[in-house]
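Participant: Once you've had a glance at the structure underneath, I'll fire off some questions.
Values in this text are rule-based calculations from the coordinates and carry no lab data. All of these numbers come straight from a predicted model, not from anything done at the bench. Note: ideal-geometry Cβ built from the backbone for every residue, glycine included; neighbour counts use all protein chains shown.
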Amino acid sequence: MTEPEKKTVTEGAAEMPEELALEVRRLAHELSNALEIIVQTSYLLSMAELKEPASDWLRMLDGGVAKALDTNLKLRNYIKKHTPK
């Protein structure tokens, strides 16, 4: 998707039908719960004395987790913005 198309999709989108919004919100909530498990596990692993290459893998995991959390936040904000009040 080109940059102008992205702008059209996110800024000009109409409200989601309530039934769709509820289902997407439910899925985003489930994703948040799954991400919380990953975040906590990553934290616990960071408390261990990991040797190379495991410590590198943990850094990769943390980077992926940060991206997933950011994407999930954007999704939740989009849902709020495009859900009937």
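Participant: Between Leu27 and Glu52, how high is the FRET efficiency from 1/(1 + (r/R0)^6) when r is the Cβ-Cβ distance and R₀ = 41 Å? Nearest 0.05. Don't skip to the end; give the middle numbers.
Facilitator: Working: r = 37 Å, r/R0 = 0.91.
Efficiency, rounded to the nearest 0.05: 0.65.
Participant: Decide, for segment 15-81, between rounded, prolate and oblate: order the square roots of the alpha carbon gyration tensor eigenvalues as a ≥ b ≥ c, take rounded if a/c falls under 1.5, and otherwise choose prolate if a/b is larger than b/c, else oblate.
Facilitator: Details: a/c = 4.83, a/b = 3.07, b/c = 1.57.
Prolate is the answer for segment 15-81, as a/c is 1.5 or above and a/b outweighs b/c.
Participant: Return the loop-located trypsin sites (Lys or Arg not before Pro) in segment 31-72 (DSSP other than H, G, I, E, B) with at most 14 other Cβ atoms within 10 Å of their own Cβ; answer none if there are none. Could you put the intermediate results ahead of the total?
Facilitator: Values: sites: Lys51, Arg59, Lys67; in loops: Lys51.
Counting only loop positions with at most 14 other Cβ atoms within 10 Å, the trypsin sites (Lys or Arg not before Pro) in segment 31-72 are Lys51.
Participant: Taking the Cα centre of segment 15-81 as origin and charging only Cβ (+1 Lys, Arg; -1 Asp, Glu), how large is the dipole, in debye to the nearest 20? Present the calculation step by step, with values, prior to reporting the outcome.
Facilitator: Working: 9 positive and 11 negative charges, 38 e Å.
Charge dipole, segment 15-81, about its Cα centre: 180 debye, nearest 20.
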